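The values are calculated or read from the model by the stated rules, or taken from the named source; none is laboratory data. Just so you know, these numbers come straight off a predicted model, no measurement behind them. All Cβ positions, even for glycine, are placed from backbone atoms using ideal geometry, and neighbour counts span all protein chains on display. Accessible surface areas use protein heavy atoms only, side chains included; no ligands, DNA or RNA. Shrake-Rupley method; radii C 1.70, N 1.55, O 1.52, S 1.80 Å.
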Amino acid sequence: MFLFDMFLFSTRFTNVSCDALSDWCTIEYWVTLGCLYLGAIFYSLLISSISSILQTANQASRQFDEHLLKVDDYMRSKKLPAAMREKVKDYFYLQFSNGKLHREEEILDFLSPVLRREIKQFTGRDICRKVPLLSTPTHRDFSEGISCVIEPTIVFANEVIMKEQTTGDEMFFILSGVVEIYVASKQIASYVAIGDGCYFGDVSVLLGVRRTASAKSKTQCMLYRIRKSDLVSLLHDHPAIESRMRNIAQSRRRRLAHYLNPDEIKLSAGDEVDSEDSRTDLFGLPSDDVLHEKDEEYNQERLQSGIRRRTFHHHSQNRRRNALP
């Protein structure tokens, strides 16, 4: 009688009809009861597994939100201006455009050196394709090596990237954006503008001199930087590329010196046009058109990252050229 009452309770609990159970034997009660409990156990396991999968899938997103809240609390405690706070938030959304925070170095530390190198080469493939020096088929080993040591960095519009007369310990490759090269000490508004696929900062790094010019972003830029020590170590294994890059750096130094003092400094053969920048896609295009296109790309990227649209107005002062670079 106790078993039958227990079975009735289970069937009522699981919404199973039991109008004609009076003729069932004890074994049938226990078998049905066991099946009901077994089904309930599997159902609970299924629910817990689905919940675990959902929590794991959103873990990176939660870490991003938590980290952004901490940063926001820090900025409020330091009483940073509202414009600066918005800029910091924009950086986080652009740096982690999918809204997920991953600690890349911690992840790569668990991998073998070969796998780590393959991943870095894959993630750096875009800049290697866009820069003519790195996309040359004969420079494949050099480009693979440089993709393992470059570091991506986002620069907002109108930010000074490097200043003249300072020690150069890194150079930059432009994946996207427009960078203005100027000489502030001579009150020159703009010397030249360079864009996608160009690189700068090489004169100081390769020739061992102080920065000969300053650089400022005209639009939001996606740059890749490489430290002097990493570049010098890599060039030791590629003497032909080192010789070419030094020649380009010397030509750029002479061209700038000639622009500042055309009567005293004479150009050498081949110095009139930058042999590296002239191979990029934006070379010779009207600068206004390029800036407008980059602004549209920038605003589209902001919308995809969940940031409100902003419009930047570019002012041209004493432009030497009407084209990039």
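In this simple spin-label approximation, S243 and S268 carry label points 7 Å from Cα along the Cα→Cβ vector, and these lie 1.3 nm apart. Counted by Cβ distance under 9 Å from F283, the other residues give a net charge of -2, where Lys and Arg count +1 and Asp and Glu count -1.
Put a dot 7 Å past the Cα of T167, heading toward its Cβ, do the same for R103, and the two dots end up 3.1 nm apart. Between the beta carbons of I119 and V209, assuming R0 = 35 Å, the FRET efficiency works out to 0.45 to the nearest 0.05.
Quick one: net charge around E144, please, counting Lys, Arg +1 and Asp, Glu -1 for every other residue with C-beta under 11 Å from its C-beta. Could you put the intermediate results ahead of the total?
Numbers: positive: R117, K120, R125, R140; negative: E118, D141.
Once all neighbours under 11 Å are counted, the net charge is +2.
The heavy atoms of F122 present about 120 square angstrom of accessible area, all protein chains included, probe 1.4 Å. Remark: for residue pairs K120/K228; K70/K120; K218/K266; K87/K228; K70/K163; K130/K216, the C-alpha separation exceeds 24 Å in K70/K120; K218/K266; K87/K228; K70/K163.
Show M222, M84, M75 ordered by accessible area, largest first, where the area counts protein heavy atoms only and the probe is 1.4 Å. Walk me through the numbers on the way to the answer.
Numbers: M222 50, M84 95, M75 5 Å².
Listed by decreasing accessible area, they come as M84, M222, M75.
The modelled label-to-label distance between D141 and L111, using points 7 Å beyond Cα along the C-beta direction, is 2.3 nm.
When a/c reaches 1.5 or more, the comparison of a/b and b/c decides; with that in mind, is region 122-253 rounded, prolate or oblate per its Cα gyration tensor?
oblate
Taking amide H positions as modeled 1.01 Å from N, with prolines and chain starts lacking one, the residues under 5 Å from L285 and 5 or more places away or on another chain are L324.
With the whole protein complex present, H238 retains an accessible surface near 40 Å², based on a 1.4 Å probe. Centroid-to-centroid, using Cα positions, region 241-271 and region 71-130 are 37 Å apart.
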